[in-house]
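Enquirer: Attaching a single structure in structure tokens format; questions to follow.
Values quoted throughout were computed directly from the atomic coordinates according to the rules given, and no laboratory measurement underlies them. Note that the coordinates shown come from a computational prediction; the quantities given were computed from them, not determined experimentally. Quick reminder, even Gly has a Cβ in these numbers, built from the backbone with ideal geometry, and neighbours come from all protein chains shown.
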Amino acid sequence: MKIVNVKRWLIRMPFKENILWASGRRIGTTRLIVKIETDEGVVGWGESICLIDTVLAVFDKVVAPLAKGYAVCDVEKFTRHILGAGYYHHKRAAVMASSAMEMAMWDAYGRMLQQPLHKLWGGAWRKQIPASAYLFLPEPQAVSDKAKYFMDKGYTSFKAKIGFDAHTDIVVTEAVRTAIGDYELRVDVNGAWTPGTASRMLYKLKDYDLSYVEQPLQLDDLIGHAKLRESQHIPIALDESAYTLEDIVNIVRMEAADVLLLDPQEAGGCWQTIKAAAIAEAVGIPLSLHSGGEMSIAQAAYLHLAASIPNLTISIDTERDYLAGDIVANPLTINDGAYTVPEEPGLGVEPIEEKIEQYQVAEISGAYLDSEKPNWFPVKPSF
């Protein structure tokens, strides 16, 4: 069953409210949506995060042309073909574009076999996938109120964005801990700290019982993260440092993380994520999944991965509550703080082209910077 036609859309789904983080202000999520058709009439859908212009360029000029003629089951060969087209030197430019196609190939393959994807990846280790409530507010009272809102919806796991400044990071963490009591809490710095600041801040955060601190240092400072692990007791999680399979190997070699957050869109596909998870499993590292504002197409892929990977034991990130809409007939929902794994063939969701076209845009905007601060831009590390 070979790919004969490829169609793609760039869409922007608005957020119900602005999201504030160490890299700026996000007003929505821009996504690459892909539809493939095979010579046997089977359709497959894929989706990827689209933060920078290179994603579309790589998809249009390399990924889509090379995909035509590929059997939908040949995801390993396809991924390596993209890298072999010159992107072994530029992996971070290729992974987001190729992952959308790879996801569509898996969806078509599952639909052809009439099996949900988790059954093709080893079966369902779990059927319910806990989600972590995401908190993006730099003001203590506002973030406390938002945490209580999520508690009322049944969440028992919480993640707060910090990395704003030394004072705000502490008072935000304290406000969330006070609001949620003994529920699970972690924080994400997005690489805003210097090594010295990280040591100082981790000492101040030691009494808040954090499950982990995510990406305290710049993404390429594996030695710094390894030293933080050795010098204090809060677990260190890496996300931005942990895109590709080779990134995971280097983190393990350097003993730089206690927790890893994987993302098929940043790894180059679902199969690459499964391989990365196996490396982590072999050395006892637990996993979660990163979120970039997924529509239900990509969210479904995340759930099948979370269902089938044994060491994906930490509640996954999700921005679902912030999305103003969706593009499928059967949007995925969170009940009592957890997703249910789809059981329908392939991804298990049915995209609607009219809805996709409703949110179609011509360019990427709003991923970084802050429209309300014209002369401001993020510097990593910033303090």
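Enquirer: For Arg200, Arg8, what ranking results if the residue with the fewest other Cβ atoms within 10 Å of its Cβ goes first?
Expert: Arg200, Arg8
Enquirer: Still on this model: Angle, helix 245-254 long axis vs. longest principal axis of the chain, Cα atoms, 0 to 90°, nearest 10?
Expert: Rounded to the nearest ten degrees, it is 30.
Enquirer: Per DSSP H run of at least 4 residues, take -39500 (n - 2.57); add these up for the chain, divide by its residues and hand me the 222 nm value, nearest 500 deg cm²/dmol.
Expert: The per-residue figure over the chain is -10500 deg cm²/dmol.
Enquirer: Using the beta-carbon distance between Phe377 and Met254 and R0 = 35 Å, what value does 1/(1 + (r/R0)^6) give for FRET efficiency, to the nearest 0.05?
Expert: Taking R0 as 35 Å, the efficiency between Phe377 and Met254 is 0.70.
Enquirer: From the backbone phi of region 226-235, what are the Karplus-calculated ³J(HN,Hα) couplings (6.51 cos²θ - 1.76 cosθ + 1.60, θ = phi - 60°) in whole Hz, Gly and Pro given as x?
Expert: Taking θ as phi minus 60°, the curve returns 4, 5, 5, 4, 6, 9, 7, 10, 7, x Hz for region 226-235.
Enquirer: How far apart, in nanometres, would the label points at Leu113 and Glu76 be if each is projected 7 angstrom from Cα along the Cα-to-Cβ direction?
Expert: 1.4
Enquirer: So, one more: Could you tell me which of rounded, prolate or oblate describes region 3-114, using a ≥ b ≥ c as the square roots of the eigenvalues of the alpha-carbon gyration tensor, with rounded for a/c under 1.5 and, failing that, prolate when a/b is larger than b/c and oblate otherwise?
Expert: Values: a/c = 2.49, a/b = 1.50, b/c = 1.66.
It is oblate, given that a/c is not under 1.5 and a/b is not larger than b/c.
Enquirer: Around Asp152, under 14 Å between beta carbons, what's the net of Lys plus Arg minus Asp minus Glu among the other residues? Display every interim value, and only then the final one.
Expert: Numbers: positive: Lys146, Lys148, Lys153; negative: Asp145, Asp321, Asp336.
Net charge in that neighbourhood comes out at 0.
Enquirer: Further question on the same structure: What order do you get for Phe15, Phe377, Phe136, Phe383 when you list them from fewest to most C-beta neighbours inside 10 Å? Mind showing how you got there, number by number?
Expert: Working: Phe15 18, Phe377 11, Phe136 21, Phe383 15.
Fewest-to-most Cβ neighbours within 10 Å comes out as Phe377, Phe383, Phe15, Phe136.
Enquirer: For the chain, find the longest principal axis of its Cα atoms and tell me its angle to the long axis of helix 296-308, 0 to 90°, nearest 10.
Expert: Value to nearest ten degrees: 80.
Enquirer: Shifting gears a bit: Once the Cα atoms of helix 195-204 and of the chain are each reduced to a long axis, what angle between those two axes, in degrees from 0 to 90 to the nearest 10, is obtained?
Expert: With rounding to tens, the tilt is 70 degrees.
Enquirer: Express in nm, to one decimal, how much length is gained between Ile352 and Lys61 on full extension, taking 0.36 nm for each residue of separation and deducting their alpha carbon distance.
Expert: Separation in residues times 0.36 nm, less the Cα-Cα distance, equals 102.2 nm.
Enquirer: What's the FRET efficiency of Tyr149 with Tyr203 using the Cβ-Cβ distance as r and R₀ = 22 Å, to the nearest 0.05?
Expert: Plugging the Cβ-Cβ distance into 1/(1 + (r/R0)^6) gives 0.10.
Enquirer: If R₀ is 25 angstrom, what is the calculated FRET efficiency for the pair Ser365 and Lys7, using the beta carbon separation as r and rounding to 0.05? Can you show the working numbers first?
Expert: On the way: r = 23 Å, r/R0 = 0.90.
That pair, Ser365 with Lys7, gives E of 0.65.
Enquirer: Dividing the Cα radius of gyration by the Kirkwood radius, what Rg/Rh value follows for the chain?
Expert: Using Cα coordinates only, the ratio equals 0.95.
Enquirer: For the ranges 255-264, 238-247, what's the packing order if you count other beta-carbon atoms within 10 Å of each residue, average per peptide, and put the highest first?
Expert: Result, highest mean first: 255-264, 238-247.
Enquirer: Run down the lysines and flag those whose C-alpha is under 30 Å from the C-alpha of Lys2, throwing out any fewer than 8 positions away in its chain.
Expert: Lys35, Lys61, Lys68, Lys77, Lys91, Lys119, Lys275, Lys355
Enquirer: Considering the chain as a Gaussian network with a 10 Å cut-off on Cα pairs, which listed residue, Met295, Met96, Met151, attains the greatest mean-square fluctuation?
Expert: The residue with the greatest mean-square fluctuation here is Met151.
Enquirer: Same structure, new question: Could you please report the charge total around Thr244, scoring K, R as +1 and D, E as -1 over all other residues with beta-carbon less than 10 angstrom from its beta-carbon?
Expert: -1
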